[in-house]
1. Can you work out the Karplus-derived ³J(HN,Hα) for every residue in region 139-155? Use 6.51 cos²θ - 1.76 cosθ + 1.60 with θ = phi - 60°, whole Hz, and x for glycine or proline.
2. Taking 0.36 nm per intervening residue step and subtracting the Cα-Cα distance, what contour gain separates Ala192 from Ser66 on full extension?
3. To the nearest µm²/s, what D does Stokes-Einstein give for region 3-192 at 4 °C and 1.567 mPa s, using the Kirkwood radius over alpha carbon pairs as Rh?
4. In whole Hz and in residue order, list the ³J(HN,Hα) couplings for region 60-69 that follow from phi through the Karplus curve 6.51 cos²θ - 1.76 cosθ + 1.60, θ = phi - 60°; x for Gly and Pro.
5. Would you mind checking which residues have amide H under 5 Å from Leu171's amide H? H placed 1.01 Å from N; only 5 or more apart, or other chain.
6. With a 10 Å radius around each residue's Cβ, average the other Cβ atoms per peptide and rank 103-116, 17-30, highest first.
7. Please state the charge dipole magnitude for region 3-192, taken about the Cα centre, from unit charges on C-beta atoms (+1 on K and R, -1 on D and E), reported in debye and rounded to the nearest 20.
8. In terms of Cα to Cα distance under 29 Å, which lysines are near enough to Lys43, apart from those fewer than 8 places away along the same chain?
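Rule-based calculations on the coordinates, nothing more; no lab input. Predicted, not measured: the structure shown is a model, and the values here were computed from it. Neighbour counts are summed over all protein chains in view; Cβ atoms, including those assigned to glycine, are modelled from backbone coordinates with ideal geometry.
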Amino acid sequence: MPFIIAIDGPAASGKGTIARALAAHFGFHHLDTGLLYRATGAKGGDPVLAAQTLDAGDLARSDLRSAQAGQAASRVATIPEVRAALVDFQRRFATREPGAVLDGRDIGTVICPDAAIKLYVTASDQVRAARRAAELGADPAQMLAELQERDRRDSERATAPLKPADDAVVLDTSDLTIAEAIARAIAQVDRAR
Ligand code: C5P
């Protein structure tokens with residue numbers, strides 16, 4: 001049985017950094033599922049068709065990291081048919097040996113409810129805005145508004161809203177260095193192995 005690590009949380013919480021570090025530490029595959037929604041939003045046209053026909057080229061676009069791509073992603077992510085079109089790919093990825101780390105919004109609740117370990121990574125709004133502003137070279141106040149709008153849309157949507165699974169371990173990274181956050185995540189996974 002492959003080992004599945006499910007990581008969810010709001011934007012700029014540190015979940016991507018932690019997911020990459022866990023995959024490297026344990027020798028597992030890593031899927032940033034946000035990229036699937038970003039690529040779907042960036043493709044244009046009918047979003048359901050876009051999700052159904054995503055290919056490697058769509059996922060490699062260089063403009064997917066922008067704040068605009070994040071907003072477009074969170075809009076198409078409210079469409080149940082878009083989410084349904086992306087389920088199989090994510091579940092198949094999760095069965096890769098010897099294990100997989102998936103990070104997103106609904107991994108522990110919908111995509112991999114039987115994951116061996118579920119982490120819900122979060123941080124205060126101010127800390128997340130400051131991190132994203134530094135990363136994108138943008139204004140922190142503008143980033144705060146952007147993140148809050150996206151989090152609201154992700155948390156309030158009817159299908160697969162952002163929320164911790166009942167059995168998720170919450171990891172608040174507000175006052176942690178990256179190294180500390182990674183060390184805590186590794187310790188949680190070790191406990192589940
Ligand atoms: O994680 P990232 O910021 O790249 O995600 C972009 C958007 O994609 C999120 O704001 C969310 O609306 C959507 N998403 C989702 N479910 C996931 C991953 C991302 O709805 N598993």
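1. So the Karplus estimates, Gly and Pro as x, are 7, x, 5, 5, 5, 4, 5, 5, 5, 5, 5, 5, 4, 4, 4, 5, 7 Hz.
2. Full extension from Ala192 to Ser66 adds 41.9 nm.
3. In µm²/s, the coefficient is 78.
4. These are the phi-based 3J(HN,Hα) values: 9, 4, 7, 8, 6, 7, 5, 4, 4, 5 Hz.
5. Hits under the 5 Å cutoff: Tyr120, Val121, Thr122.
6. So the peptides 103-116, 17-30, ranked by packing, come out 103-116, 17-30.
7. Its charge dipole is roughly 160 debye.
8. Lys15, Lys163
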